[in-house]
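Participant: So that we are looking at the same thing, I have put the structure below in structure tokens.
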Amino acid sequence: MTIRHMEILKTIAETGSFTKAARVLYITQSAISHAVRELEEESGTVLFDRLSKSVRLTEAGSLLLQETLPVLAACNALEKRMRHLEQHAPVHLVSSITIATYYLPCALRSFSLTHPDISISVDVVSAANALLVLQAGEADFALIEGLPPQGPYVSIPFSSYPLKAVCSPGYRCSKQPLTLSALCQEKLLLREKGSAIRDALDSALYLHGLTAHPAWTSVNSPALIEAAKAGLGIAVLPDILVENALEKGELTVLDITDMELINQLLLVFHKDKYLSEPLTTLMQCITQKQAEKKHPVTDA
């Protein structure tokens, strides 16, 4: 028994005629008769009384119609929803930590105003792990920092941020310019290897034949800020993370004569990814909101 059989059964019951049912369904009367014969063979009983000028459901036919009506109603509802699947399909994205902290909530709130029926799930992880989630096909797109990833990906730069070397105003070299070589001789308070912040610093040092040997290594930027405030060394962190401490005079920016570090913010997705209208709108919302921010954000 198919959906078409159910539609034919219902239409005959409503019109009381094989001929009229054929006209309503835009099929031949012979097709109607053939379908009824198949239904009666499958059910093992007569479904219609053939009267002189009309047909009428038998008691068995009425029972069958009662069973099919909910199925037809569900199919009709599904058919209507099929035309709007993109407007209800959930979105999954992965974001690096600081982007999710400082920016993503505002962008998602703005998107929800125009697409309230779309569910968005977010994985907040380190920058390196964000790319791994995307590569595993577990996210529609990723928000990461640094260089565009290798492979079959589209990377859209939408902002950037500078890294600052900061220390306590009372730290012994806070008032003098430092070369990269001299910086490496100081007590460094750095993010862990694999973070976008640390990768940017290590790459700059590598180009000068230098290597950092930090006194502190942490996955937590606030811990490094507090250590720098206490005069325990020099931290290299995004400007937005140290902005408040600089304004309060708790930290000062060191002049590193041969270092200017800038990281890009990237929206990354697979080149063959189908971009639905809601997904495209969400991407535009994220990049536009980021561009509107007075201070660009970064990720740890």
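Participant: 5 Å is the cut-off here: which amide hydrogens, built 1.01 Å from N in the peptide plane, fall below it relative to residue 160, excluding neighbours closer than 5 in sequence?
Facilitator: 265
Participant: With every atom except the alpha carbons ignored, what do you get for Rg and Dmax of the range 3-83, in angstroms?
Facilitator: When restricted to the Cα atoms of the range 3-83, Rg and Dmax are 12.8, 43 Å.
Participant: Give me D for the range 162-261 in µm² s⁻¹, whole number, from Stokes-Einstein with Rh from the Kirkwood sum over alpha-carbon pairs, 10 °C and 1.306 mPa s.
Facilitator: Approximately 121 µm²/s, per Stokes-Einstein.
Participant: Let me ask something else about it. Leaving ligands, DNA and RNA out of it, work out the accessible area of residue 1 with a 1.4 Å probe and give it in Å² to the nearest 10.
Facilitator: Rounded to the nearest 10, the figure is 90 Å².
Participant: Continuing with the same structure: Just need the relative contact order of the chain here, percent rounded to a whole number, with Cα pairs under 8 Å and 6+ apart.
Facilitator: Normalised by residue count, the contact order of the chain is 22 percent.
Participant: Pick out which of 30, 276, 218 has the largest mean-square fluctuation in a Gaussian network model of the chain, springs linking Cα atoms closer than 10 Å.
Facilitator: Greatest mean-square fluctuation among the candidates belongs to 30.
Participant: Looking at this model, which pairs from 187/229; 187/248; 164/187; 175/229; 193/271 are more than 18 angstrom apart at the alpha-carbon?
Facilitator: The pairs that break the limit, which is 18 Å between Cα atoms, are 187/248; 193/271.
Participant: With springs only between Cα atoms under 10 Å, which of 258, 239, 123 fluctuates most in a Gaussian network model of the chain?
Facilitator: So, out of 258, 239, 123, the one fluctuating most is 258.
Participant: Now a separate question. For the range 32-77, what Kirkwood radius comes out of the mean inverse Cα-Cα distance, in Å?
Facilitator: Over the range 32-77, the inverse of the mean reciprocal pair distance is 11.5 Å.
Participant: Residue farthest toward the positive end of the dipole of the chain, with Cβ of Lys/Arg at +1 and Asp/Glu at -1: which of 3, 55, 216?
Facilitator: 55
Participant: Give the Rg/Rh ratio for the range 100-141, taking Rg as the radius of gyration of the Cα atoms and Rh as the Kirkwood radius, to two decimals.
Facilitator: Taking Rh as the inverse mean 1/r over Cα pairs, Rg/Rh reads 1.02.
Participant: Something else now. Given a cut-off of under 8 Å on Cα pairs at least six residues apart, what relative contact order in percent is computed for the range 118-259? Please list the in-between numbers first.
Facilitator: On the way: 189 pairs, mean separation 47.8, N = 142.
Worked out over the range 118-259, it gives 34 percent.
Participant: Separate question: Only bridges with both residues in the chain count here: give the DSSP antiparallel percent, nearest 5. Each step should come with its number before you reach the end.
Facilitator: Working: 22 of 37 bridges.
Percent antiparallel among DSSP bridges in the chain is about 60.
Participant: Moving on to the next point. FRET efficiency for residue 276 and residue 62, Cβ-Cβ distance as r, R0 = 41 Å, nearest 0.05?
Facilitator: With R0 = 41 Å, the Cβ-Cβ based efficiency is 0.40.
Participant: Can you tell me, using C-alpha contacts under 8 Å and at least 6 residues apart, the relative contact order of the range 3-83 as a whole percent?
Facilitator: Relative contact order comes out at 29 percent.
Participant: If the elastic network links every pair of Cα atoms under 10 Å, which of 265, 246, 64 fluctuates the most in the Gaussian network model of the chain?
Facilitator: In this elastic network of the chain, the residue with the biggest mean-square fluctuation among 265, 246, 64 is 64.
Participant: Let me ask you something else. Counting only protein heavy atoms and a 1.4 Å probe, tell me what percentage of the chain's accessible area is made up of carbon and sulfur.
Facilitator: Carbon with sulfur: 54 percent of the solvent-accessible area.
Participant: Kirkwood Rh, Cα Rg: Rg to Rh for the chain? Display every interim value, and only then the final one.
Facilitator: Details: Rg = 33.0 Å, Rh = 24.2 Å.
Computed over Cα atoms, the ratio is 1.36.
Participant: According to the square roots a ≥ b ≥ c of the eigenvalues of the Cα gyration tensor, what is the shape class of the range 98-191, taking rounded for a/c under 1.5, prolate for a/b larger than b/c otherwise, and oblate for the remainder?
Facilitator: It is prolate, given that a/c is not under 1.5 and a/b is the larger ratio.
The values are calculated or read from the model by the stated rules, or taken from the named source; none is laboratory data. If you're wondering where the values come from, they're calculated on a predicted model, not measured in any experiment. With ideal geometry, Cβ positions are generated from the backbone for all residues, glycine too; neighbour counts draw on all protein chains shown. Remember, those area values only see protein heavy atoms, side chains included, never the ligands or the DNA or RNA. Shrake-Rupley method; radii C 1.70, N 1.55, O 1.52, S 1.80 Å.
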